[in-house]
Amino acid sequence: MDTRYVGIAELTQVPSVAVVIDVMRAFTVTAWAFARGAERIVLAESLDEALALKARHPDWVAIKDGPPAPGFDMVNSPGMLRSMDLSGRKVVQKTTAGTVGALAVKDASLVLCAGFVVAEATALLLRSRAREAVTFVVTGEDGRAEEDLACAQYIALRAAGGAPAGAAEQAAPFLHRAATSRAAEELVTGVRAGVHPDDVALCLERDRFPFAIVASRDAGVMTLRACEVPAAATEDD
């Protein structure tokens, strides 16, 4: 599998297959939303669009980065979201990096959104497209976010093959890079707003969920859905 790693600004052409990475915290939050029962997630291009969608659909759950704000139901925190019941609900999400990256590759033939929590399931889907070039979009810090690059490289490694039983040993150095990243430090020290004390730990839970997150155009908006990949369930290793 031919892979390349780019920042959002480096996307000069539409890739065939794109994997958009935002470990801390957009797509960890997305995964938790699906785990808590969300039916689908719509990505908004701006805060105003998110609020407009919420106004048209009052039963939707609106999520944003940073501190709480009027009109939004939740901030971009897996630690806070994990206690919500989202059964059958639709979610609209707007973040600084992750949603921007996904929207930047909306015309790709396959778009996956990922973090460590869905790494193996994402890798398994990529294996079925092994003959295609894969572009990993590193969304944080203009393409330099260590946690996102580490996750992208780990998923690429897993997509190249390997039994689930060996995943823990392979993952260790990549998880360490993420745990010692600038983003992790900012979350722990309170530089970023809207943070739960468990956020970093939750973002570093490898293969917490047995599904991949697939993005597609739906009625003019970018929509995320969980795609179950049963074989992604890993052994205790």
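The values are calculated or read from the model by the stated rules, or taken from the named source; none is laboratory data. All figures in this text were calculated on a predicted structure; none of them were measured in a lab. No Cβ is skipped: glycine too gets one built from the backbone with ideal geometry, and neighbour counts run over all protein chains shown.
I'd like the residue in the range 106-130 that is of a type in the set (Gly, Ala, Ser) and touching a Lys or Arg at 6+ places or on another chain (Cβ under 7 Å) and, out of all such residues, is surrounded by the fewest Cβ atoms within 10 Å (Cβ to Cβ). Walk me through it before giving the result.
Initially, the range 106-130 is screened for residues of a type in the set (Gly, Ala, Ser), giving 108-109, 114-115, 119, 121, 123, 128, 130.
Still in the running and touching a Lys or Arg at 6+ places or on another chain (Cβ under 7 Å): 119, 123.
On the way: 119: 31, 123: 26.
Checking each candidate, the answer is 123.
For the range 87-105, name all the residues that are assigned to a loop (DSSP other than H, G, I, E, B) and surrounded by fewer than 20 Cβ atoms within 10 Å (Cβ to Cβ).
So the first thing to find is which residues in the range 87-105 are assigned to a loop (DSSP other than H, G, I, E, B), and the list is 87-89, 95-97, 105.
Selection gives 87, 88, 89, 96.
Does residue 214 fit the bill of being at pLDDT below 95, aliphatic (A, V, I, L, M) and closer than 30 Å to residue 50 by Cβ?
Values: at pLDDT below 95: no; aliphatic (A, V, I, L, M): yes; closer than 30 Å to residue 50 by Cβ: yes.
So residue 214 fails the test.
Could you list all residues from the range 1-38 that are closer than 23 Å to residue 144 by Cβ, over 12 Å from the mean Cα position of the chain (by Cα) and in a helix (DSSP H, G or I)?
Scanning the range 1-38 gives 8, 9, 10.
Return the total of residues in the range 222-237 being modelled with pLDDT of 95 or more and either touching a Leu at 6+ places or on another chain (Cβ under 8 Å) or of a type in the set (D, E, K, R) (or both).
Here is the first cut: in the range 222-237, the residues modelled with pLDDT of 95 or more are 222-227.
Among the residues that remain, those that are also either touching a Leu at 6+ places or on another chain (Cβ under 8 Å) or of a type in the set (D, E, K, R) (or both) are: 222-225, 227.
Counting residues in the range 222-237 that are modelled with pLDDT of 95 or more and either touching a Leu at 6+ places or on another chain (Cβ under 8 Å) or of a type in the set (D, E, K, R) (or both) gives 5.
Name the residue, out of 77, 46, that is modelled with pLDDT of 95 or more, of a type in the set (Ser, Thr, Tyr) and out of contact with any helix residue (DSSP H, G or I) (no Cβ under 8 Å at 6 or more places or on another chain).
Working: 77 fails: out of contact with any helix residue (DSSP H, G or I) (no Cβ under 8 Å at 6 or more places or on another chain).
So the residue among 77, 46 that is modelled with pLDDT of 95 or more, of a type in the set (Ser, Thr, Tyr) and out of contact with any helix residue (DSSP H, G or I) (no Cβ under 8 Å at 6 or more places or on another chain) is 46.
Looking only at the range 68-76, decide whether some residue is farther than 21 Å from residue 139 by Cβ and of a type in the set (Phe, Trp, Tyr). Steps first, please.
Filtering the range 68-76 down to residues farther than 21 Å from residue 139 by Cβ leaves 68-71, 73.
If we keep only those that are of a type in the set (Phe, Trp, Tyr) too, we end up with none.
No: the range 68-76 contains no residue that is farther than 21 Å from residue 139 by Cβ and of a type in the set (Phe, Trp, Tyr).
Name every residue in the range 196-225 that is in a helix (DSSP H, G or I) and either among the aromatic types (Phe, Trp, Tyr) or surrounded by fewer than 18 Cβ atoms within 10 Å (Cβ to Cβ) (or both), in order of residue number.
Step one: list which residues in the range 196-225 are in a helix (DSSP H, G or I), which gives 199-203.
The one that is in a helix (DSSP H, G or I) and either among the aromatic types (Phe, Trp, Tyr) or surrounded by fewer than 18 Cβ atoms within 10 Å (Cβ to Cβ) (or both): 201.
Have a look at 193, 183 and point out the one that is touching a Gly at 6+ places or on another chain (Cβ under 7 Å), surrounded by fewer than 16 Cβ atoms within 10 Å (Cβ to Cβ) and under 28 Å from residue 74 (Cα atoms). It would help to see each step written out before you state the result.
On the way: 183 fails: surrounded by fewer than 16 Cβ atoms within 10 Å (Cβ to Cβ).
193 is the lone residue from the list that is touching a Gly at 6+ places or on another chain (Cβ under 7 Å), surrounded by fewer than 16 Cβ atoms within 10 Å (Cβ to Cβ) and under 28 Å from residue 74 (Cα atoms).
Quick check on my filter: what residues within the range 106-141 are part of a helix (DSSP H, G or I), in contact with a Phe, Trp or Tyr (Cβ under 8 Å, 6 or more places away or on another chain) and among the aliphatic types (A, V, I, L, M)? Give the steps one after another, and end with the answer.
Pass one, the range 106-141, residues part of a helix (DSSP H, G or I): 116-127, 140-141.
Filter once more, so that each one left must be in contact with a Phe, Trp or Tyr (Cβ under 8 Å, 6 or more places away or on another chain): 116-119, 121.
The answer is 117, 118, 119, 121.
Of everything in the range 133-150, what is modelled with pLDDT under 95 and out of contact with any helix residue (DSSP H, G or I) (no Cβ under 9 Å at 6 or more places or on another chain)? Give them in sequence order.
If the condition is that a residue be modelled with pLDDT under 95 and out of contact with any helix residue (DSSP H, G or I) (no Cβ under 9 Å at 6 or more places or on another chain), then 133 is the only one that fits.
Which of the following residues is surrounded by 15 or more Cβ atoms within 10 Å (Cβ to Cβ) and either farther than 19 Å from residue 111 by Cβ or of a type outside the set (Val, Ile, Thr) (or both): 59, 65, 48? Write out each step before concluding.
Numbers: 59 fails: surrounded by 15 or more Cβ atoms within 10 Å (Cβ to Cβ); 48 fails: surrounded by 15 or more Cβ atoms within 10 Å (Cβ to Cβ).
Exactly one of 59, 65, 48 is surrounded by 15 or more Cβ atoms within 10 Å (Cβ to Cβ) and either farther than 19 Å from residue 111 by Cβ or of a type outside the set (Val, Ile, Thr) (or both), namely 65.
Does the range 39-86 hold any residues that are of a type outside the set (Asp, Glu) and part of a helix (DSSP H, G or I), and which are they?
Here is the first cut: in the range 39-86, the ones of a type outside the set (Asp, Glu) are 40-44, 46-47, 50-58, 60-64, 66-72, 74-84, 86.
If the condition is that a residue be of a type outside the set (Asp, Glu) and part of a helix (DSSP H, G or I), then 47, 50, 51, 52, 53, 54, 55, 56, 78, 79, 80, 81 are the ones that fit.
Is the range 164-174 home to any residue that is of a type outside the set (Lys, Arg), in contact with a helix residue (DSSP H, G or I) (Cβ under 7 Å, 6 or more places away or on another chain) and under 13 Å from residue 25 (Cα atoms)?
There is no residue in the range 164-174 that is of a type outside the set (Lys, Arg), in contact with a helix residue (DSSP H, G or I) (Cβ under 7 Å, 6 or more places away or on another chain) and under 13 Å from residue 25 (Cα atoms).
With β-branched (Val, Ile, Thr), closer than 16 Å to residue 135 by Cα and surrounded by fewer than 17 Cβ atoms within 10 Å (Cβ to Cβ) as the only criterion, which of 12, 3 stands out?
On the way: 3 fails: surrounded by fewer than 17 Cβ atoms within 10 Å (Cβ to Cβ).
Of 12, 3, the one residue that is β-branched (Val, Ile, Thr), closer than 16 Å to residue 135 by Cα and surrounded by fewer than 17 Cβ atoms within 10 Å (Cβ to Cβ) is 12.
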